[in-house]
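S.K.: This is the structure I want to talk about, given as structure tokens.
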Protein chains: 2
Amino acid sequence: MRDTDSPSSSLPADDPIGLQSFAVLLRRMNAEFNRIAQEFAHTQGLHLTDVQALIAVLDADDAEETGPMTPGRLRKQMNLTSGAMTACLDRLEKTGHIRRVRAADDRRVVHLHYAQAAKQVARDYFRPLAQSTDAARARFSDDELHVVVRFLAEMNRQLTLVRR
Amino acid sequence: MRDTDSPSSSLPADDPIGLQSFAVLLRRMNAEFNRIAQEFAHTQGLHLTDVQALIAVLDADDAEETGPMTPGRLRKQMNLTSGAMTACLDRLEKTGHIRRVRAADDRRVVHLHYAQAAKQVARDYFRPLAQSTDAARARFSDDELHVVVRFLAEMNRQLTLVRR
DNA sequence: ATATAATCTCTCAATGATTGACATTCTTTA
DNA sequence: TAAAGAATGTCAATCATTGAGAGATTATAT
């Protein structure tokens, strides 16, 4: 039935912790997140791009270090051209998810803020994720959860170093 | 400077483990993964969709339980229409990443296999991720890593339940 | 057997997001 | 004050995606 491909025996013999497991588990989780984001975008009549941009605006608004998001910063962060960025922000603004505010100190730049509508939107979007997270959390002790948080933080630190 | 939005103080006072941390950390990791995938797709002259499809084909080819991927299954998994799926597979086949093989037992279905070129492609794609994972792993004991694996597996289990 | 329904993949015109070069507005530097 | 630089926006062309349907194959019922 299955034509014999080169037998890519994916699991080496000595793999107590699951060397492969990490990549597989992380990739699968990533795919699930993307699926949920995709579905949410669809129900809201938005695109995945729009939702990702919206989240970035939200996160930047929360993180005081960076200041509010700007089209230029978002453009670089999302690897979009200026035309696409403008169109994306137009959609988000037209649907009332974000506001564009000219900066007072440098009138070239535009500050992006999430509107009230976006708050509910984000809540809805993250509800299933939050529920899943809670359900998963419930099965671990505090000490174990501390380990997981440490690991996630460390992963993120490492991943941001992979900017070529 | 920052016009005072409703002060969404994101961190409740009592948050020993980081109730928020989980969502933030997971979202950020997701964004990093997507960025790497996006960049890789760009260097290969592919689209993010194509890369995601390629990975799905690869994973299915490894996981003997399900059998090789088919356009229909991939279509559902990726929430694409048939037209988009065909176009995506056309691109992947034309660039030599996958092969389409008519199934012998049911000649309506097509089996998708990754070509040799895709192997190298996948290796390149996952190299930085693997390196990051290894670097992160190195800072944890075996017991701790077991906890993380358990958590990731549990998260995936919970997330797949969020199929509405 | 034979027709009918169901399944799987693909085609194609229409839609619409993205690209890439350029324009516009504003700031900084010489 | 002029010129260079920076941030955002405009617009025609490009190309992925949609959505309805066709074609080919298998399953079901009469």
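S.K.: Checking B:Leu129 against (1) closer than 14 Å to A:Met155 by Cα; (2) without any contact (Cβ under 8 Å) to a residue 60 or more places away in the chain; (3) facing chain A (nearest Cβ under 7 Å), which test does it fail?
M.R.: (2)
S.K.: Next question, about the same structure. Can you say whether A:Ala31 is over 10 Å from the mean Cα position of the chain (by Cα) and within 15 Å of B:Gln38 (Cβ to Cβ), as far as the supplied structure shows? Reasoning before the result, please.
M.R.: On the way: over 10 Å from the mean Cα position of the chain (by Cα): yes; within 15 Å of B:Gln38 (Cβ to Cβ): yes.
So A:Ala31 passes the test.
S.K.: Output the number of residues of the stretch A:88-116 satisfying the condition of being farther than 20 Å from A:Asp62 by Cβ and within 14 Å of another protein chain (Cβ to nearest Cβ).
M.R.: The qualifying residues number 5.
S.K.: Out of curiosity, is B:Ala60 open to solvent by less than 40 Å² (accessible area, probe 1.4 Å) and either in contact (Cβ under 8 Å) with a residue 40 or more places away in the chain or within 12 Å of DNA strand D (Cβ to nearest atom) (or both)? Steps first, answer last, please.
M.R.: Details: open to solvent by less than 40 Å² (accessible area, probe 1.4 Å): yes; either in contact (Cβ under 8 Å) with a residue 40 or more places away in the chain or within 12 Å of DNA strand D (Cβ to nearest atom) (or both): yes.
Yes.
S.K.: Separate question: Within the stretch A:88-99, count every residue that is in contact (Cβ under 8 Å) with a residue 24 or more places away in the chain and more than 6 Å from DNA strand C (Cβ to nearest atom). Walk me through how you get there before you give the answer.
M.R.: To start, the set of residues in the stretch A:88-99 that are in contact (Cβ under 8 Å) with a residue 24 or more places away in the chain comprises A:88-89, A:91-92, A:95, A:97-98.
So of that shortlist, the ones also more than 6 Å from DNA strand C (Cβ to nearest atom) come out as A:89, A:91-92, A:95, A:97-98.
Count: 6.
S.K.: Could I ask something else about it? Output the residue which, of all residues in the stretch A:102-116 that are exposed (fewer than 14 other Cβ atoms within 10 Å of the Cβ) and either modelled with pLDDT under 90 or not acidic (Asp, Glu) (or both), is farthest from DNA strand D (Cβ to nearest atom).
M.R.: If we filter the stretch A:102-116 for residues that are exposed (fewer than 14 other Cβ atoms within 10 Å of the Cβ), which is where we start, we get A:102, A:104-108, A:116.
Checking which are either modelled with pLDDT under 90 or not acidic (Asp, Glu) (or both) leaves us with A:102, A:104, A:107-108, A:116.
Details: A:Arg102: 8, A:Ala104: 13, A:Arg107: 9, A:Arg108: 4, A:Gln116: 21 Å.
The residue in question is A:Gln116.
S.K.: Being open to solvent by less than 40 Å² (accessible area, probe 1.4 Å), within 13 Å of chain A (Cβ to nearest Cβ) and within 15 Å of DNA strand C (Cβ to nearest atom) narrows it down to one residue among B:Met85, B:Met69; which is it? Steps first, please.
M.R.: Numbers: B:Met85 fails: within 13 Å of chain A (Cβ to nearest Cβ).
The match here is B:Met69.
The values are calculated or read from the model by the stated rules, or taken from the named source; none is laboratory data. Just so it is clear, the structure is predicted and the values come from calculations on it, not from any experiment. Positions of Cβ are backbone-derived with ideal geometry, glycine not excepted, and every protein chain shown enters the neighbour counts. Surface areas here come from the heavy atoms of the whole protein model, side chains and all, with no ligands, DNA or RNA. Shrake-Rupley method; radii C 1.70, N 1.55, O 1.52, S 1.80 Å.
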